[in-house]
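Below: one structure, written as structure tokens.
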Amino acid sequence: MALKAPKGCVDLIGKDARAWERFCAVAADVFTRYGYERIELPTFEQVDLFVRGCGETTDVATKEIFSVLSIGAAAKLREGGQLKADQRLALRPEGTASVVRAVAQHNLIPQGGAPVKLYYAGPMFRCERPQKGRLREFHQVGIECLGAIDATADAEMIIVCMRFFEALGLQTSSMELLINSMGCPECRPAYAQKVAAYMHEHEGELCEECVRRAETNPLRAFDCKNSGCFDVMEGAPRFEDELCEHCRERFAQVKAALRAAGLDYRCDSRLVRGFDYYTGTVFEVQVTEGLGSQSAIGGGGRYDKLMAEVGGNDVCGLGFAVGFERIVLALEAAGVQLAEEIHPQVYVACVDATVRDEAFQLVQDLRDAGIFTLYDQQGRSLKSQFKLADKSGATYCLILGPEELAAGQAKLRHMQTHDERPIALASAPQEILSLI
Ligand code: AMP
């Protein structure tokens, strides 16, 4: 049986691969302007990083992690043995925990040197039910800023995200920015208790999992995909009404900074995001058309306790991640192409087999001069080569025959106008360069 890519994984081919390249290039351009530097992270890490980082009771930690087992570790498990912590590995489901781990491990924040600003790009893995805009292996770019205390850092994070979307070609009018505050260790426990009490009152209307969540992690119920739970949680107490003085004031400062930057936003008290590490400001950007239920194209927020959680110093942080596949869908719905078609600049055609060696040399000379050149390697007839040149969308066809060769020339044909003229072989690369 022919083998296929695993469920929920896709091959990025042709224009999709070029779209990913462009997505990364736009990200690098925008993020660099805000002082972010690239970090390359391992594709797998210790499971504990994600369990401790994302939160033990989150969907990511309880259902979506892909474990990685070496052959040796798998054999040990089969024999009833126990794995050490550094043998229990997982494909990364997200980038934030890894960045924070790397910053702590390499002590990247020198005394008085905060903030450290890093961005990443690459595949993430979550064992979810695949559907449109939801894959098991998907691609994200994200930025993380460690050690920035000011409320303007929260606003700046959101501004970078919106500027990135705009640079990709999304219209501001086709996106909605949702914001919320997740409070702090001062006010969050009391709020969670209030939500739990509300959930107990409505226990009969909640799914089994949310009944459990009321005991373990009530705020996760805001994320439940079940429509009954969604309706119940609509009436739950709002975090904004329960924030402590400090968090309330901070949230007001963030909103003021967003308004000053001219960004429209909507406060959504249900917005809790998928990870437990968030404290204070959280945000999500949704597109209004083209993505159905998977309308979130990116989001993030502040995580002031995560660094300490993964064993580093008590340094605050904030960041966001944007999903590539959903951006492609959103741009398609808006009629925007992320990757342009690419066409050769020159197609070299041989009149017969006697000139193939010279044609081969000419092709190398053109390419060495920086010209995107194609030619036939199948011994096709001249007619077939012309057809291929046409199909490739080449701007010029350079035709080499025994007669032209004897005169040290080739024929340069413009594929659109069909204008033809002789061109000296020795100066062909320079002359063509001046034309394109
Ligand atoms: P998160 O890491 O959950 O905050 O998600 C950030 C962004 O990554 C989302 O807004 C989506 O654009 C994208 N994303 C998350 N999960 C998936 C998935 N399973 N498939 C495709 N894109 C995803």
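The values are calculated or read from the model by the stated rules, or taken from the named source; none is laboratory data. Computed from a prediction, not measured in an experiment: that's the story for all the values here. Positions of Cβ are generated from backbone atoms using ideal geometry, with glycine treated the same way; all protein chains shown enter the neighbour counts. The area values use the complete protein model at the heavy-atom level, side chains included, leaving out ligands, DNA and RNA. Shrake-Rupley method; radii C 1.70, N 1.55, O 1.52, S 1.80 Å.
Among the residues of the stretch 52-110, those that are within 15 Å of the ligand (Cβ to nearest atom), small (G, A, S) and in a helix (DSSP H, G or I) comprise G53, A61, A97, S98. Of the candidates E166, E156, E186, E209, the single residue that is part of a helix (DSSP H, G or I), away from the ligand (no atom under 16 Å from the Cβ) and in contact (Cβ under 8 Å) with a residue 60 or more places away in the chain is E156. With respect to the conditions (1) in contact (Cβ under 8 Å) with a residue 12 or more places away in the chain; (2) open to solvent by less than 80 Å² (accessible area, probe 1.4 Å), K7 falls short on a single one, namely (2). Where the second residue is buried (at least 17 other Cβ atoms within 10 Å of the Cβ) and in a helix (DSSP H, G or I) and the first is without any contact (Cβ under 8 Å) to a residue 60 or more places away in the chain and lies in the stretch 24-36, which pairs have Cβ atoms under 8 Å and are six or more apart or on separate chains? Close Cβ pairs (under 8 Å, with a partner that is buried (at least 17 other Cβ atoms within 10 Å of the Cβ) and in a helix (DSSP H, G or I)) do not exist here. Taken over the stretch 301-315, the criterion of being without any contact (Cβ under 8 Å) to a residue 40 or more places away in the chain and in a helix (DSSP H, G or I) is satisfied by A308 alone. E144 passes every criterion in (1) within 14 Å of the ligand (Cβ to nearest atom); (2) over 16 Å from G280 (Cβ atoms); (3) not hydrophobic (A, V, I, L, M, F, W, C) apart from (2). Among (1) open to solvent by 40 Å² or more (accessible area, probe 1.4 Å); (2) away from the ligand (no atom under 15 Å from the Cβ); (3) touching a Cys at 6+ places or on another chain (Cβ under 7 Å); (4) under 30 Å from D48 (Cβ atoms), there is one condition D314 misses while meeting the rest; what is its number? Every listed condition holds for D314 apart from (3). Within the span defined as the stretch 62-79, every residue fails to be open to solvent by less than 50 Å² (accessible area, probe 1.4 Å), within 24 Å of E209 (Cβ to Cβ) and free of Cβ contacts under 8 Å to residues at least 40 places away in the same chain. Taking the criterion of being near the ligand (Cβ under 8 Å from one of its atoms) and among the charged types (D, E, K, R), the only residue of the stretch 277-301 that qualifies is E284.
For the stretch 260-300, the candidate set comprises residues that are over 21 Å from A61 (Cβ atoms), in a strand (DSSP E or B) and aliphatic (A, V, I, L, M); within that set, the residue that is farthest from the chain's Cα centre (by Cα) is V287. For the stretch 329-339, indicate whether the set of residues that are away from the ligand (no atom under 16 Å from the Cβ) and not hydrophobic (A, V, I, L, M, F, W, C) is non-empty. Yes. Restricting the stretch 321-365 to residues that are part of a helix (DSSP H, G or I) and free of Cβ contacts under 8 Å to residues at least 40 places away in the same chain, which is most open to solvent (accessible area, probe 1.4 Å)? Top of the filtered list is D357.
For the stretch 102-119, the criterion of a residue being within 30 Å of G290 (Cβ to Cβ) and within 15 Å of the chain's Cα centre (by Cα) is satisfied by at least one position. Inside the stretch 115-138, can you point out the residues that are on the phi > 0 side of the Ramachandran plot and more than 9 Å from the ligand (Cβ to nearest atom)? Within the stretch 115-138, just G122 meets the criteria. Of all residues in the stretch 265-283, those that are more than 20 Å from A153 (Cα to Cα) have Cβ atoms under 6 Å from Cβ atoms of residues that are more than 11 Å from the ligand (Cβ to nearest atom) and open to solvent by 10 Å² or more (accessible area, probe 1.4 Å), 6 or more apart or on another chain, in S269/R238; S269/E240; R270/F222.
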